[in-house]
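The values are calculated or read from the model by the stated rules, or taken from the named source; none is laboratory data. These numbers come from a predicted model, not from an experiment. Counting neighbours? That spans all protein chains shown, and the Cβs are built from the backbone with ideal geometry, glycine included.
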Amino acid sequence: MDSELSLEKKIRELGLDIYSSIREVPPALDTRRWMGKIMEWSMKDKDFKTRLFRFIDVLPSLKTDELIVRLLHEYFTDVDTPKIIRGAIERISRQGFLPKMTATLVRKSVESLARQFIAGKDPEDALNSLAALGKENLAFSIDLLGETVVSDKEARNYQERYLDLVGFLRGEIGESVDTGSGHDISLKISSFYSQLDPVDWFGSVKQTKEALRPILRKAKELCISVTFDMEHYYYKDLTIAVFQSLLEENEFEALPLSGIALQAYLKDTKEDLLRLIGWAKEKSRRVTVRLVKGAYWDYEVVINRQKGWPVPVFLNKEETDRNFEELTKILLENTRFVSPAIATHNIRSISYALALADFLSLPKEAFEFQMLYGMAEPLREALQRIRCTVRVYAPVGGLIPGMAYLVRRLLENTSNESFLRRSFVEKSPFEELIQAPQTPQKAEVGRSLSGAFRNEPDLDFSLSKNREKMADALKDMRNEFNKRYPLFISGGEILTDGETVSLNPSAPHEVIGRVSFGQKKEAEEAIEGATKACKEWRRTDPKERAEYLLRTAAKMRQKKFELAALEIYEVGKTWKDADADVSEAIDYLEFYSREMIRLGKPKILGDYPGEENEYVYNPRGIGVVISPWNFPLAISTGMVSAGIVAGNCVIFKPSGLSPVTGYKLVEIFSLCGLPHGVLQFLPGSGEEVGEYLVSHPKIDFIAFTGSRDVGLRIIRVAGETRKGQRSVKKIIAEMGGKNAIIIDETADLDEAVKGVIESALGYQGQKCSACSRVIVVGDIIKVFLNRLKGAAESIQIGPPEEPGTFMGPVVDKEALKKTKGYVEIGKNEGKEVLIRAVQEEGYFLGPAIFADAPPESRIAQEEIFGPVLAVMKAKDIEEALEIANMTSYSLSGGLFSRTPSVIKKVKDEFRVGNLYINRKITGALVGRQPFGGFGMSGVGSKAGGPDYLLQFMNPVCISENTLRRGFAPLE
Ligand code: FDA
């Protein structure tokens, strides 16, 4: 206790000394100057801050002056912008300022803002800034800013830039700048391997190490140390693994003291640090630990909440600060094994480290402080005065790659929680700034779930336990190959002579299973059984029906790995896609069960004495579900569960290409006690069983997802009335699309390229929402195509059971033949950008990209359902929309743009059922992005939406006269 008090006393003393040196110094973004003033406004007005940062973000990619002026207006001249800024912009236009002058002024302002935090556009340009640091006796670490690396080529370029940097540091900088503390470079592993993803742990470690080895070799040779930056949480374990495993290699034993950044805002970091110290001890491998608080706080909170994963960061700033102190203590107590680099601009955090070092009698050389270029200069001066080593982290790079970094720094300088803001801008009193971080009084209250629907989180494959379980499930599933599966009718299992043989599209000699094949006789039995079961089932309380779905969801959750493994083998999905399909299936069960509880309660209409009007939904009767192979569990589960929870009995005919997954769905329902006859399992041929069911007079509705030709035929056949038929059949049909993404000249190309690759090539282009047309507006087409080509060349194609695979096989021989046919057509209709050859056994086919195909050409009009992409050019957004709307389909579409008026126009005029802005166009989530189109894309309401269940029921209104001899029930 005493020592705690005296430590606090020491912290205050040291803090006060530093504080007095910064009191009169203006902040990095000096509020007496124009840009500082704007930042000051942004701190007061959240909406303005969002616009400002978005404008700064888009600015470097705007190629023309006119565009800059236009966006300036669009971002700032409506009502919510502070008057003074709005006035200035309006004046500029009133006084007829030439766009060139305005654009130059804006560009210069943002450039000078960037200059405060970025040392130069390249190492040569940064030379003066670095020399100035050297003169002040400051050590530095140079970081090369880069765009998101989407291809191997971009990763190689980045590697070369780092190799040049290392040479430059020893050469020119070495001659002109000598700080005595050694030069250091900082790097981020995600820039060295375009396919980096912990799902492919070994591949990612191997490839990243390969790319980094030449840099480390040269650094060793030239006596330069290397520090690994820490990025998003998703990459954390991978970053540590790459770092340790490289340093364990003999050739890097003599690498100058190198290090890794660890983030105090992460709840895991204490464990990571202790493990790292243990490793350093065991291997006698001294390393630097750069302790930072963490720069991606907002991102981690948003992304992890979006995914339904635990939020890995502390949610209270003081907890981060407290953890920073605890980690500082661990570091300073272990200086025999690690070299602490305390990276912060916070006086309290700095003073804590200084006071503790004093208590531990550590010499000043035992640790160093690190700060970011352009931030808190007075602090570093104060530290130098007391003979501490200070290293400056100096980023170098152009404006476009520097934007993400600049926005992070601006966020940091303007955030409510920021120490820099509180100390330099708000001039908070010393007492507040030096206070020990407090543990929050109240535990963070999580959002109440109270039974509300939440999407099932996908598996987080950055966790080793999930990777291991998936690998085990794949191994186990092989023992299930070649089994026989029966039909399931009215509780009885029927093995038939005829079978559908389900093959592994990656290795068609492997039989996934043999599933019995129903014919008219079995179809008739299924209808009869369902008719009997329906009497009881339709009377079952909606809540009870919903509970069957919830039990089925729970069972699926238990079998998640097993079901995903089956899909990987049966239809060629990758780990992530297969897992997402199982999650979506669970979502449908959870969502429709809640919807039924909502709709199952009678609604009383109006409020009239002596009369009661009740509005209820009754089941339609018996339905047929005909489902596709591309989402073999999710779409089947959605259609089946909607049908049965609404009180109908359902005959389920799975696709002949995914019958084993279909069987598993029925088996799980059965394990959960669903009464016999409510769900009949009847695989069979479309022509025979499908047609028989669809035309049968006892069938009341048909839920179908599949091709347009089959969908239209079902609509025609079902439209005929047959003898004994008592209802007009209701059709719910989802029939595909020819989906387009529009990209304009203000798009973030990093995001656009990634979005197109995922949307067009994910699951080999076999999603109904897949992108098969890209329409590029303006002059960016060349750059876009170059990056897209590089990205498509870099993705991994192979058996999907390999975790690194991005593209597996198409589903069968037919699909392969058909898609290859379209590749040939594309060669005639467009200009070949890429046709990637693959040499695997199985139904593999590389991506094919064509440019300049006329909008009315076949590859731009027909649904291909394979990895074939047509890229077209439009002169403006009007023409882009015209091309986009030129097909008969209206399913999904996308836009990448940072121009508000373009976003609005596209929202108004793009005729699609699902529109996605600045993101991929696949992966709709139940309840969040209800899915489905119109036009030739289908009839019916959106799956996973609030109207979907209504299609499976008939609304009924019951009006009762409650007046008896003039007496009405009292309220
Ligand atoms: P301050 O005391 O104001 O702390 C701000 C930090 O608190 C935020 O950055 C965030 O971490 C945390 N925080 C804010 N709101 C919070 C809340 N509501 N709940 C919990 N915590 C909250 N970052 C990184 O992620 N990887 C890296 O590799 C590096 N590298 C690096 C090198 C060097 C030399 C420096 C100086 C900094 C970094 N950083 C970094 C950036 C670093 O993580 C951090 O963002 C800034 O240094 C700001 O922290 P301070 O202690 O200076 O300020």
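Residues in the range 100-156 that are among the hydroxyl-bearing types (Ser, Thr, Tyr) and part of a loop (DSSP other than H, G, I, E, B): Thr148, Ser151.
Working only within the range 924-971, note down all residues that are among the small types (Gly, Ala, Ser), in contact with an Asp or Glu (Cβ under 8 Å, 6 or more places away or on another chain) and under 28 Å from Glu863 (Cβ atoms). First the steps, then the outcome.
As a first pass, look at the range 924-971 and keep what is among the small types (Gly, Ala, Ser): 924, 927, 932-933, 935, 937-938, 940-941, 943-945, 959, 966, 968.
With the extra rule that they be in contact with an Asp or Glu (Cβ under 8 Å, 6 or more places away or on another chain), the set shrinks to 927, 932-933, 937-938, 940-941, 943-944, 959.
Residues satisfying the conditions are Gly927, Gly932, Gly933, Ser937, Gly938, Gly940, Ser941, Ala943, Gly944.
What is the number of the single condition among (1) crowded, with 16+ Cβ neighbours inside 10 Å; (2) assigned to a loop (DSSP other than H, G, I, E, B); (3) not aliphatic (A, V, I, L, M) that Phe850 does not meet? So Phe850 meets the others, but not (2). Condition (residue is crowded, with 22+ Cβ neighbours inside 10 Å, within 10 Å of the ligand (Cβ to nearest atom), of a type outside the set (Val, Ile, Thr) and under 30 Å from Thr50 (Cα atoms)) applied to the range 271-290: is it met by at least one residue? Within the range 271-290, not a single residue is crowded, with 22+ Cβ neighbours inside 10 Å, within 10 Å of the ligand (Cβ to nearest atom), of a type outside the set (Val, Ile, Thr) and under 30 Å from Thr50 (Cα atoms).
Does Ile260 satisfy the condition of being touching a Gly at 6+ places or on another chain (Cβ under 8 Å) and buried (at least 20 other Cβ atoms within 10 Å of the Cβ)? When the stated conditions are applied, Ile260 does not pass them.
Residue by residue, here is whether (1) of a type outside the set (Val, Ile, Thr); (2) surrounded by fewer than 23 Cβ atoms within 10 Å (Cβ to Cβ); (3) within 11 Å of the ligand (Cβ to nearest atom); (4) assigned to a strand (DSSP E or B) holds:
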residue: His345; (1), (2), (3), (4): yes, no, yes, no
residue: Ala357; (1), (2), (3), (4): yes, yes, no, no
residue: Leu362; (1), (2), (3), (4): yes, yes, no, no
residue: Gln370; (1), (2), (3), (4): yes, no, yes, yes
residue: Met375; (1), (2), (3), (4): yes, yes, yes, no
residue: Leu379; (1), (2), (3), (4): yes, no, yes, no
residue: Cys388; (1), (2), (3), (4): yes, yes, no, no
residue: Arg391; (1), (2), (3), (4): yes, no, yes, yes
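Taking interchain pairs and intrachain pairs at least six residues apart, which have beta carbon atoms under 8 angstrom, with the first residue in the range 391-418 and without any contact (Cβ under 8 Å) to a residue 12 or more places away in the chain and the second near the ligand (Cβ under 7 Å from one of its atoms)? Close Cβ pairs (under 8 Å, with a partner that is near the ligand (Cβ under 7 Å from one of its atoms)) amount to Ser418/Glu412. Each residue in the range 549-599 was checked for being under 20 Å from the mean Cα position of the chain (by Cα) and within 30 Å of Pro619 (Cβ to Cβ), and 7 pass. Of all residues in the range 480-517, those satisfying the criterion of being among the small types (Gly, Ala, Ser) and in a loop (DSSP other than H, G, I, E, B) are Ser490, Gly491, Gly498, Ser506. Would you be able to say whether some residue in the range 719-742 is surrounded by fewer than 23 Cβ atoms within 10 Å (Cβ to Cβ) and assigned to a helix (DSSP H, G or I)? Within the range 719-742, one or more residues are surrounded by fewer than 23 Cβ atoms within 10 Å (Cβ to Cβ) and assigned to a helix (DSSP H, G or I). Considering the range 393-415, the residues that are within 8 Å of the ligand (Cβ to nearest atom) and either surrounded by fewer than 21 Cβ atoms within 10 Å (Cβ to Cβ) or not hydroxyl-bearing (Ser, Thr, Tyr) (or both) include one that is nearest to Ser225 (Cα to Cα), namely Arg408. Filter the range 306-330 down to the residues that are of a type in the set (A, V, I, L, M) and touching a strand residue (DSSP E or B) at 6+ places or on another chain (Cβ under 7 Å), then identify the one that is farthest from the ligand (Cβ to nearest atom). This residue is Leu327.
The residues of the range 620-646 that are more than 16 Å from Gly572 (Cβ to Cβ) and small (Gly, Ala, Ser), listed by number, are Gly621, Gly623, Ser627, Ser636, Gly638, Ser641, Ala642, Gly643, Ala646. Out of the range 416-439, which residues are within 20 Å of Glu377 (Cβ to Cβ), within 9 Å of the ligand (Cβ to nearest atom) and surrounded by fewer than 19 Cβ atoms within 10 Å (Cβ to Cβ)? Arg422 - this is the single residue of the range 416-439 that is within 20 Å of Glu377 (Cβ to Cβ), within 9 Å of the ligand (Cβ to nearest atom) and surrounded by fewer than 19 Cβ atoms within 10 Å (Cβ to Cβ). Filtering Pro256, Pro214 for residues that are more than 22 Å from Val199 (Cβ to Cβ), of a type outside the set (Phe, Trp, Tyr) and touching a strand residue (DSSP E or B) at 6+ places or on another chain (Cβ under 6 Å) leaves a single hit, Pro256. Test Ala366 against the criterion of being modelled with pLDDT of 95 or more, more than 22 Å from Gly134 (Cα to Cα) and more than 8 Å from the ligand (Cβ to nearest atom), and give yes or no. The answer is no for Ala366. Scanning the range 409-440 for residues that are among the β-branched types (Val, Ile, Thr) and not in a helix (DSSP H, G or I) yields a single hit, Thr439.
The residue list Leu915, Leu895 contains one member that is in a strand (DSSP E or B) and without any contact (Cβ under 8 Å) to a residue 24 or more places away in the chain, which is Leu915. Condition first: over 18 Å from Ala353 (Cα atoms) and touching a strand residue (DSSP E or B) at 6+ places or on another chain (Cβ under 9 Å). Now tell me which residues in the range 282-305 satisfy that. Across the range 282-305, the qualifying residues are Arg286, Val287, Ala295, Tyr296, Trp297, Glu300, Val301, Asn304. Filtered by the rule that a residue be outside any helix (DSSP H, G or I), surrounded by fewer than 24 Cβ atoms within 10 Å (Cβ to Cβ) and not β-branched (Val, Ile, Thr), the range 312-340 gives Pro312, Phe314, Leu315, Asn316, Glu333, Asn334, Arg336, Phe337, Ser339. Residues of the range 216-257 that are polar (S, T, N, Q), within 16 Å of the ligand (Cβ to nearest atom) and free of Cβ contacts under 8 Å to residues at least 60 places away in the same chain: Thr239 alone.
Need pairs with beta-carbon distance below 7 Å; first residue closer than 14 Å to Ile142 by Cβ and among the acidic types (Asp, Glu) and within the range 154-182, second surrounded by 15 or more Cβ atoms within 10 Å (Cβ to Cβ) and modelled with pLDDT under 95; sequence gap 6+ or separate chains. Qualifying pairs under 7 Å: Glu172/Leu127.
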